[in-house]
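This report refers to the structure that appears directly beneath it.
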Amino acid sequence: MLSGNKDDKMSSLIYNPAEFLNEEIIFMSLRLIAAAVVAVLGFSAFRVIRDRKYMIFGIGFTLISSAFMFKLISYLFFIKNEVCNGCEGYTWFFVFYYVFVLAYLVGATALALLYIKIDDSYVMAFIGLLLLLTSFVSLTSFAAFSGFLGLIFGFVAMRAFEYYMHAKSRPTIMIFSSFAAVSLSQFIRALGDMLFVSSFILVGELLSLAGFLLLAYVLLRVYNK
Amino acid sequence: MSSRRNRTEIIYDILDSLIKNQGSLKPTRLLYKANLSHSQMKDYISELTEKNLIVLTEQKGNKTKYEITEEGYKFFNQLNKIREMSDALGL
C-alpha cells in the first residue's frame, strides 16, 4: 500500500511506500555520493587531457548526483508535512521534484550520447525535445520515468557489454554489471509502481544503489591503481 | 586495422618511448620510437618543452637528447590512470 496520508494523488505517483521512506533517504544519499565520486573522476581526467568526452561524462554524473540531491530536498517538504493542495510547500516540492526528473533524464542521456557519438545538431535537438516531453509525462507517471531511464541505462549497459566482449577484462565486466544493475533497477521500480507492489520498489532501489556503488568502486580502483 | 592516434595518444607514446629508454633519447630515435612525422615531432616537442614535461639536454660532442622531467613522469602516471579508466568504460 502506498503512502496516502498526505496528498494522495502526488504521493501515489511519486513516492515510495511510507514504510521505506527512511531507507530510501539512506539509499539516495549513498547514490548521491557514488555519483559525485564518478563525476569528480571524470572532471579530473578532463583537467589533465582536455578531452570533451570526459567533460560530458563529468557533467552527466554531476547532473545525476544533483538529481538525487534535489529529490532529497523534495523529501524535506514531505517529512515536514508541508505537502498539501494549496500549500506553499506543495509548489516547492513540485519544483524540486521536477528538477530531479529533468536532471536525472538529462544526465543519463548525456552518458548515453557519449556512446552513440552524434554530431548532427537536428538529432540532438530532437533528443532534447523528447527529453522535455518525457519529463512532463514523468510528472503524471513515475513508472514512465523509471521505464525511460531503464531504457537509457540499458542502452549504456549494452554498449558496455559489447566493449566487455572486445576487451574481456575484469573492470569492463564490472562496469557492464553496474550499468545493467541500474537499468534493471529502473524496470523493477517501474513494475512496482504500476502493480503497486512495494517489495519491487525496495528491490529496485537496492539494485540501483548496488549499481552506483559498484561503478564508483571500479573507477576509483582503476584510477588509483 | 589501427585507427589514427589522437593528441593524447601521441603525447603518451612520446613520454612512453622516453621512459622505456631510461628517460632520454636522441631526437631521431624519439621520432622513430614514437612513430612521428617530422612536423608532428616539431609541434609536440615544442608543446611538451613549454609545459616542462621534457627538456633538451646537450651531451658531449654537441649531441642533443630529449629527457623526461619529474613533471613529465607525473603527467605520464596521470595519463596512465586516465587510460585505465577509459579502457574500463570503453569510452
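The values are calculated or read from the model by the stated rules, or taken from the named source; none is laboratory data. Treat the numbers as computed from the prediction; the structure is a model and nothing was measured. Glycine gets a Cβ as well: all are built from the backbone with ideal geometry, and neighbour counts include every protein chain shown.
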For the range A:42-70, enumerate the residues that are among the hydroxyl-bearing types (Ser, Thr, Tyr) and more than 14 Å from every other protein chain (Cβ to nearest Cβ).
A:Thr62, A:Ser65, A:Ser66
In the range A:21-134, which helices (runs of 4 or more DSSP H) lie fully inside it and hold 1 or more residues that are in contact (Cβ under 8 Å) with a residue 60 or more places away in the chain and within 19 Å of the chain's Cα centre (by Cα)?
A:21-49, A:88-116
With the condition kept exactly as written, say whether any residue in the range A:166-183 is touching a residue at least 40 places away in the same chain (Cβ under 8 Å) and either more than 23 Å from A:Ala34 (Cα to Cα) or more than 14 Å from every other protein chain (Cβ to nearest Cβ) (or both).
no
Residue by residue through the range A:135-165, note down the ones that are more than 22 Å from A:Glu205 (Cα to Cα) and without any contact (Cβ under 8 Å) to a residue 12 or more places away in the chain.
A:Phe136, A:Glu162, A:Met165
Restricting the search to the range A:190-225, which residues are within 11 Å of chain B (Cβ to nearest Cβ), assigned to a helix (DSSP H, G or I) and more than 17 Å from the chain's Cα centre (by Cα)?
A:Val218, A:Leu219, A:Leu220, A:Arg221, A:Val222, A:Tyr223
For residues that are hydrophobic (A, V, I, L, M, F, W, C) and in contact with a Lys or Arg (Cβ under 8 Å, 6 or more places away or on another chain), scanning just the range A:65-95, find the one that is modelled with the highest pLDDT.
A:Phe68
Could you name every one of the helices (runs of 4 or more DSSP H) located completely within the range B:5-91 that has at least 3 residues being away from every other protein chain (no Cβ under 12 Å) and within 29 Å of A:Asn224 (Cα to Cα)?
B:7-20, B:38-50, B:70-89
Here is a list: A:Phe142, A:Phe126, A:Phe200, A:Phe176. Which entry is farther than 30 Å from B:Lys81 by Cα, among the aromatic types (Phe, Trp, Tyr) and surrounded by 20 or more Cβ atoms within 10 Å (Cβ to Cβ)?
A:Phe142
